[in-house]
Amino acid sequence: MKPYNFTEIEKKWQQIWEEEETFKVMEDHTKEKDYILIEFPYPSAQGLHVGHPRSYTALDIVARKRRREGRNVLFPIGFDSFGLPAENYAIKTKIHPQVVTEENIGHYTRQLKSIGFSFDWSRCVITSEPKYYKWTQWIFLQLLKHGLAYKHKMDINFCPSCKVGLANEEVVAGACERCGETVVRREKEQWMLRITNYAQRLIDDLDDVDYLDRIKAQQTHWIGRSQGATVFFPIVDTEEKLEIYTTRPDTIYGATYMVMAPEHPLIDEYKERIKNFDAVEDYRHEAKHKSDFERTQLVKEKTGVKLEGLVAFNPISEEEIPIYISDYVMMEYGSGAIMAVPAHDQRDYEFAQAFGENIRPVVSGGDLEKEAYTGEGEIINSPLINGLSVDDAIAKMIRILEERDLGKETVQYKLRDWIFSRQRFWGEPIPVVHCDACGIVPLPESELPLVLPEVESYEPTEDGSSPLAKITDWVQTTCPDCGGPAERETDTMPQWAGSCWYFLRYLDPDNDKEFASQENINYWMNVDWYNGGMEHTTLHLLYSRFWYKFLYDIGVVPTKEPYAKRTSHGFILGEDGQKMSKSRGNVVNPDDIVKNYGADTLRIYEMFIGDFEKAVTWSTNGVAGVKRFLDRVWKIQELVTSDSLDYSKDLEILIHQSIEKVGHDYENLKGNTAVAQLMTLVNAYYQKGSITRGDLEVLLLLLNPVAPHISEEIYEALGNERQISAVPWPSFDPAKTVEDQVELPVQVNGKVRFRLTLPRGLSKEEVEENLRETQGFKEYTEDKDVKKVIVVPDKLISIVVK
RNA sequence: GCCAGCGUGUCGGAAUGGCAGACGAGGUAGACUCAAAAUCUAUUGUGUUCACGCACGUAUGGGUUCAAGUCCCAUCGCUGGCACCA
């Protein structure tokens, strides 16, 4: 017999699948569909990571299995090809990001094909292609039209050396990730998307989808809904009212001072009245130049400045109370100001201690000598609500505030609007112009796509604008509305834009009239199963749900949620248990595994390595073990001594069990135990020494989703005309998954003492009758009192004696 | 600090409340070989016994149960996420 030449076999089958378009999906809308989606990769210069095939294989298995169950399966692939690395590379080398991106996509494509995924390559989408991003721009224009995109001045992280705005992820320990320069805050006008309008729906609709609980929990937490009250505190001797948000209106009698964020606009408005404005300015300056990093590192020490000359009035306790500014209050949350209740909030407590402010308890309990008391208790020192519980007091105080027009019940979210512009080149141009006469004017749809112009250099400009700003003849244009001179927007969209809707483009990737035909959308949506990394839970996953809900609102998609089911895979760590990285030298290249062990070994190993959801450590020995398994599978061909398509009698039960278990495990991302079961089956075949053709074929049918090449090869060698990919998934007979006889362990006072073999299916009474006959029973109950006999039919017997 | 999850042999890991350690790796012994690799066979939680066996054993301490790795309470440790969010 020929040796197992995986290189040859894998090349052969990959070629067949490509030529025969085996996995091309048909728009046959009469069939039941399954839309199975993996997160499309960013085509990095490093090439595929061994982490990629883990989730791709798991879902490829599901796709391959479900096709064989007669479903119309869409399992597409594409590339999320806009992004920073290609641009940074371009700055260094002057090579157009497009060129690098194309090369990388070519590399990824070859790698992915070498692993034998059953993607429908004919539907490949690439987000940096104009025919794709035309529709990303189109969606942006719809958002703009519906008031969900707006420009807003705000502080961003800015690297003075690179002259570029940085995303939070690009700031490491307060410094620029690329050059190490200390990052400062700089005010810039940014495009924003009103994701906050959808906050409540993004929480509520999680009830209707099947996501892992931890994904739901993380999203809910990220959106961060809280319920409380807005209260207005008048500022003495002015018409002004300071608006605050609190979740504890019950403690308002304990509000002995107020704190505003350093950026609060009221400060400038009343600077004439603030006697120590210099000190205030110094503090504000300091706070502004503290990076987010420093701000959070200095959590312990409370700092601030009292505003001399401005005094607030607590409208419930009717006292005048001082106002401070402090950077522990954030401008971005609530209204940028708080009522400080030092007795019942730990931060306020610390601040009050540092500044000698009055700590007045209004809820009984705790020890205010040590810390603030945040628990339940009876309201005290609060004439209007004394004696109530916290919950009742909150409700009553909100009523009082509303009656007296001093405030109202309010819901707050931590979620902020999405900063949607980047001062970068390699992204979708934002398709609007700035016209002196008309303001911001969207491009008409007919002018889409607005394509990226050629630029000389990819460096940002002096003032931190996108390199597009330097292309004068591109920037200078005419206003689509008035025909007068206008300038194009030079910001581009963030990396996340293209991935917000790519799953819709797969449905109809070449359509140049619509982003996808309504017919196809109606047939394929929702995505039945979407798998991706946990790191995308609060960004990509949330953003794309937001866009999809918007598309639903404007009537172009039929469902409220894009993804019916979401699962997540764990990371693969290097052999040393550390994250794989070049500098650690622990990177495993999937190409090497394919070359030295074969794609099937890689695929099986990635499944066998451990619990799909957990982080796992790469093991070269483990890979070798899987290869040994496939060698054994290959050599099973020599064990076939009968051409019968029936299963061997003494293997029948194990085979039926395996069909059940392997199918179940594949569907539940338990590739590890599915593979273990296949190993058990193979071991049993060897144990028996001679098997039928039917025995081998059923093994191949089960093995095929995880190891498609070797299984097709052996199946063909057995003389089958059809490929396994066209053979229905095998079925099992539940009656044949169990033995006629069962061996029941007999526990005496919780310990297994002996066993009893009985026919399956006996009633409790029958089992007990049989039990009482046994030598063991007599032995263990001799001169003892049998308290209880518990029979779990076909499982176990438990005897309690005294 | 908060949220989610985890803790099982030498290692990766299995176990709808019902025989803990499936499957794999590694180790040990043997077969084949001049030898090695590969392959095959046996063995492999700890203690104790010549042995059948017996006792112990799923981070720690307690509890519920005829029965707990699994459920409950507390503690310790680890991982991921969030974090001066009022």
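Points worth noting:
- Residues (more than 11 Å from RNA strand B (Cβ to nearest atom) and within 21 Å of A:GLU739 (Cβ to Cβ)) located in region A:757-767: A:LEU758, A:PRO759, A:ARG760, A:GLY761, A:LEU762, A:SER763, A:LYS764, A:GLU766, A:VAL767
- Residue within region A:712-726 that is touching a residue at least 24 places away in the same chain (Cβ under 8 Å), buried (at least 17 other Cβ atoms within 10 Å of the Cβ) and within 16 Å of RNA strand B (Cβ to nearest atom) present: no
- Selection count, region A:190-201, where residues are closer than 27 Å to A:ILE338 by Cα, in contact with a helix residue (DSSP H, G or I) (Cβ under 7 Å, 6 or more places away or on another chain) and more than 13 Å from RNA strand B (Cβ to nearest atom): 3
- Any hit, region A:335-346, residues being part of a loop (DSSP other than H, G, I, E, B), in contact (Cβ under 8 Å) with a residue 12 or more places away in the chain and loosely packed, with under 15 Cβ neighbours inside 10 Å: no
- Matching helices (runs of 4 or more DSSP H) fully within region A:80-161 where at least 2 residues are acidic (Asp, Glu) and more than 30 Å from A:GLU263 (Cβ to Cβ): A:97-114
- Qualifying residue in region A:777-788 (condition: of a type outside the set (Ser, Thr, Tyr) and touching a residue at least 40 places away in the same chain (Cβ under 8 Å)): no
- Hits in region A:177-196 - residues which are of a type in the set (A, V, I, L, M), in a strand (DSSP E or B) and closer than 24 Å to A:ALA287 by Cβ: A:VAL184, A:MET192
- Taking region A:213-242 as the range and being near RNA strand B (Cβ under 6 Å from one of its atoms) and under 19 Å from A:GLY336 (Cα atoms) as the test, the residues that pass are A:GLY224, A:SER226, A:GLY228.
Yes/no matrix, rows are residues, columns are (1) farther than 26 Å from A:VAL164 by Cβ; (2) among the aliphatic types (A, V, I, L, M); (3) more than 16 Å from RNA strand B (Cβ to nearest atom); (4) touching a residue at least 40 places away in the same chain (Cβ under 8 Å):
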position: A:THR492; (1), (2), (3), (4): no, no, yes, yes
position: A:SER499; (1), (2), (3), (4): no, no, yes, yes
position: A:TYR502; (1), (2), (3), (4): yes, no, yes, yes
position: A:GLY533; (1), (2), (3), (4): yes, no, no, yes
position: A:GLU561; (1), (2), (3), (4): yes, no, yes, yes
position: A:ALA564; (1), (2), (3), (4): yes, yes, yes, yes
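- Selection of first residues in region A:217-239 that are touching a residue at least 24 places away in the same chain (Cβ under 8 Å) and under 26 Å from A:ARG545 (Cβ atoms) and of second residues that are near RNA strand B (Cβ under 10 Å from one of its atoms) and of a type in the set (A, V, I, L, M), restricted to Cβ pairs under 8 Å at least 6 apart or on distinct chains, gives the following pairs, ordered by first then second residue: A:GLN218/A:MET534; A:TRP222/A:LEU415; A:ILE223/A:LEU415; A:GLY224/A:LEU415.
- Any chance A:LEU703 is within 14 Å of RNA strand B (Cβ to nearest atom), under 26 Å from A:PHE119 (Cβ atoms) and crowded, with 16+ Cβ neighbours inside 10 Å: yes
- Checking each residue in region A:543-600 for being assigned to a helix (DSSP H, G or I) and among the β-branched types (Val, Ile, Thr) picks out A:ILE593, A:VAL594.
- Of residues in region A:776-801 being away from RNA strand B (no atom under 14 Å from the Cβ) and loosely packed, with under 13 Cβ neighbours inside 10 Å, the one nearest to the chain's Cα centre (by Cα): A:LYS778
- Within region A:443-456, residues that are part of a helix (DSSP H, G or I) sit with their Cβ atoms under 8 Å from residues that are surrounded by 12 or more Cβ atoms within 10 Å (Cβ to Cβ), at 6+ positions apart or across chains, in these pairs: A:GLU445/A:TRP138; A:GLU445/A:LEU141; A:GLU447/A:PRO431; A:GLU447/A:PRO480.
- Here A:LYS513 passes the criteria (1) part of a loop (DSSP other than H, G, I, E, B); (2) over 29 Å from the mean Cα position of the chain (by Cα); (3) in contact (Cβ under 8 Å) with a residue 12 or more places away in the chain except the one numbered (3).
- Answer residue from region A:350-369, given it is more than 24 Å from A:ALA393 (Cβ to Cβ) and under 42 Å from the mean Cα position of the chain (by Cα) and is farthest from RNA strand B (Cβ to nearest atom) among those: A:GLN353
- Unique match (being of a type in the set (Ser, Thr, Tyr) and closer than 30 Å to A:TRP13 by Cβ) among A:SER725, A:SER798, A:SER763: A:SER725
- Residue list for region A:625-684, restricted to those being within 22 Å of A:TYR605 (Cα to Cα), surrounded by fewer than 20 Cβ atoms within 10 Å (Cβ to Cβ) and touching a strand residue (DSSP E or B) at 6+ places or on another chain (Cβ under 8 Å): A:ILE636
- Residue within region A:611-627 that is among the basic types (Lys, Arg), more than 25 Å from the chain's Cα centre (by Cα) and near RNA strand B (Cβ under 6 Å from one of its atoms) present: no
Every number here is computed from the coordinates shown, using simple stated rules; none is lab data. All of these numbers come straight from a predicted model, not from anything done at the bench. In this analysis, Cβ positions are derived from the backbone assuming ideal geometry, glycine residues included, and neighbour counts consider all displayed protein chains.
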